[in-house]
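J.: Could you have a look at this structure, given as structure tokens, before my questions?
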Amino acid sequence: MAILDGKVALVTGAGSGIGKATALKLGREGATVVALSRTRDEIEATAAEIERAGGKATATTCDITDDTGMKATVAEILGHFGRLDIVVANAGINGVWAPIDDLAPEEWDKTIAVNLRGTFLTIHHTVPALEAGGGGAIVVVSSINGTRTFTSPGATAYTTTKAGQLAMVKQLALELGQKKIRINAVCPGAIESDIEDSTEHRESEEAGIPVHFPEGDIPLTGGAKGKPGDVADVIAFLVSDAARHVTGSPVWIDGGQSLLR
């Protein structure tokens, strides 16, 4: 029997990268996956891939910063499946990386809105559903940035949100534990994905301090980036009963990268 048989899982940002790999992994482990993204085409492709592999999935579109939309999404999940057991709050952006005096307030606001407000709304609207089912598991996708490393020039808004996500996880581990809901964080390092393509760098190197690393700044892989599946496998463990006594914990998935920085 697969480790997540009978579970219903919501994965945000499931159209690509870590979110897609996680949705596919949870589907392979027996969960019925609700894959969420803002982009209809890519999220339908994720759901279709899960089903082709013999899993169960449905695609839904929503902006995670939209309070009304997220509330309706959770209501739709409950109306269709009658339960929700697992939540993976993965959706996020890198935003604009620039010196603090060049970073525009609206650029700051957008990163904060997606990464912090979006994570808050995802948890805010799903906790009642998890509690109604007798408990569940939440995983928030944070980063090594803002939790162990602070060496990405100009990434002030991004690192602030990632630090905030980890603080949220630790705070909520106590509050939600009483409801039999576990919450943990994964903190990936360099992972092969397309998120870098949407990152705007504007004179960000001006905010950097030159550092010379040993050859291969990811010790475990000789410098090669990790795969989205490396993160998905850890998430699958954290939402399974094998991690039944784990909550409020960050897991750094970086091949030792952040220990050098």
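J.: Give me log10 I(q)/I(0) at q = 0.11, 0.21 Å⁻¹ for region 1-121, Debye formula, one equal scatterer per alpha-carbon, no solvent.
T.: -0.39, -1.11
J.: Can you tell me the dipole magnitude for the chain around its Cα centre, using point charges on the Cβ only (Lys, Arg +1; Asp, Glu -1), in Debye to the nearest 20?
T.: Details: 23 positive and 33 negative charges, 250 e Å.
Dipole size: approximately 1200 debye.
J.: Please report how many Lys pairs in the chain have alpha carbons closer than 18 angstrom, counting only residues at least 8 apart along the chain or sitting on separate chains.
T.: Taking the Cα cut-off of 18 Å, the pair count is 14.
J.: Looking at Thr46, Thr111, Gly30, which one has the Cα that reaches farthest to the positive end of the dipole of region 1-151 (charges on Cβ: Lys, Arg +1; Asp, Glu -1)?
T.: Ranked along the dipole, the leading option is Gly30.
J.: Using the Cα centre of region 8-260 as origin and beta-carbon charges of +1 (Lys, Arg) and -1 (Asp, Glu), tell me which of Gly79, Trp97, Gly15 is placed farthest towards the positive end of the dipole.
T.: Gly79
J.: Calculate for the chain the 222 nm mean residue ellipticity that helices alone would give, adding -39,500 (n - 2.57) per DSSP H run of length 4 or more and normalising by residue count, nearest 500 deg cm²/dmol. Present the calculation step by step, with values, prior to reporting the outcome.
T.: On the way: 8 runs with 101 residues, N = 261.
Here the helix-only value at 222 nm equals -12000 deg cm²/dmol.
J.: Let me check against my output: what whole-number percent is the relative contact order of region 8-260, with C-alpha pairs under 8 Å and at least 6 apart?
T.: In percent, rounded to a whole number, it is 21.
J.: Could you state the principal axis extents of the C-alpha atoms in region 118-175, from the largest down, to the nearest angstrom?
T.: 44, 19, 14
J.: Over the chain, with a Gaussian network built from C-alpha contacts below 10 Å, which listed residue (Gly222, Gly13, Gly135) shows the highest mean-square fluctuation?
T.: Gly222
J.: So, one more: I'd like the per residue volume of the convex hull spanned by the Cα atoms of the chain, given in cubic angstrom.
T.: Taking the convex hull of the Cα positions in the chain, it is 122 Å³ per residue.
J.: In addition: Specify the residue with the greatest mean-square fluctuation among Gly118, Gly177, Gly15, computed from a Gaussian network of the chain linking alpha-carbon atoms under 10 Å apart.
T.: Residue with maximal mean-square fluctuation among Gly118, Gly177, Gly15: Gly177.
J.: Taking the alpha-carbon centroid of each part, what is the distance from region 47-114 to region 139-182 in angstrom?
T.: Computed from Cα coordinates, the inter-centre distance equals 16 Å.
J.: I would also like to ask the following. Given springs between every Cα pair under 10 Å in a Gaussian network model of the chain, which of Ala163, Ala185, Ala242 has the largest fluctuation?
T.: The residue with the greatest mean-square fluctuation here is Ala242.
Bear in mind these aren't lab numbers, they're just calculated from the coordinates by the rules spelled out. Just so it is clear, the model here is predicted, and its values are computed rather than measured. In this analysis, Cβ positions are derived from the backbone assuming ideal geometry, glycine residues included, and neighbour counts consider all displayed protein chains.
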